[in-house]
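Nothing in this text is a laboratory measurement; each read-out follows from the coordinates by a stated rule. Just so it is clear, the structure is predicted and the values come from calculations on it, not from any experiment. Glycine gets a Cβ as well: all are built from the backbone with ideal geometry, and neighbour counts include every protein chain shown.
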Amino acid sequence: MTVGDTNELARLQKALEVFIEIDPFMTAQRIHTLLAVATEEMGTMAEVRQYYTDRGLSNSTSMRNLSFWTDQTWIQPDGKRPVNYKAITYIQDPSDYRAKLLKVTTEGNNLLSKVVSQLKED
């Protein structure tokens, strides 16, 4: 591994620490869910569900990854609940009342800005 690689890995580690500050039990799937919505790779709840079930996760697990960012009904393994942290919101799709469209909130964009700034730091 070269020095450049080590520096890039250190920046990635700092960026991941932004997520760990939110939840010390943060999973890669939860981070991926937020990033996929932010990059518009996934724009609906159905796309999130399909992506993870295609990879062997249960429907409930895929929805738990999403609900982590959308509401406060989940509890961390240590029994605590985060307070008022919503990075993704959803609205009813005007063209299909059964579908929910996903969008990153202002708070979510602020979080992602912190992550990006950690990736750019020297």
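Sorted fewest first by neighbouring Cβ atoms within 10 angstrom, TYR90, TYR97, TYR52 come out as TYR97, TYR90, TYR52. Distant-in-sequence amide contacts of THR44, defined by a placed amide H-H separation under 5 Å and a gap of 5 or more residues or a different chain, comprise LEU102. Two tests apply to each whole DSSP H helix in the chain, Cα reach of 20 Å or more along its axis and mean Kyte-Doolittle hydropathy of at least -1.0, and the ones passing both are 3-22, 106-120.
Each eigenvalue of the Cα gyration tensor of the chain, multiplied by 5 and square-rooted, gives one semi-axis; in descending order these are 27, 17, 15 Å.
The aspartates and glutamates within cross-link reach of LYS114, meaning a Cα-to-Cα straight distance under 14 Å and a gap of 8 or more places when in the same chain, are GLU17, GLU21.
Applying 1/(1 + (r/R0)^6) with r as the Cβ-Cβ distance of GLU107 and THR6 and R0 = 25 angstrom yields a FRET efficiency of 0.20.
Counting charges near THR44 (Lys, Arg +1; Asp, Glu -1) among other residues having Cβ under 14 Å from its Cβ returns a value of -1.
Arranged from fewest to most other beta-carbon atoms within 10 Å of their beta carbon, PHE25, PHE19 become PHE25, PHE19.
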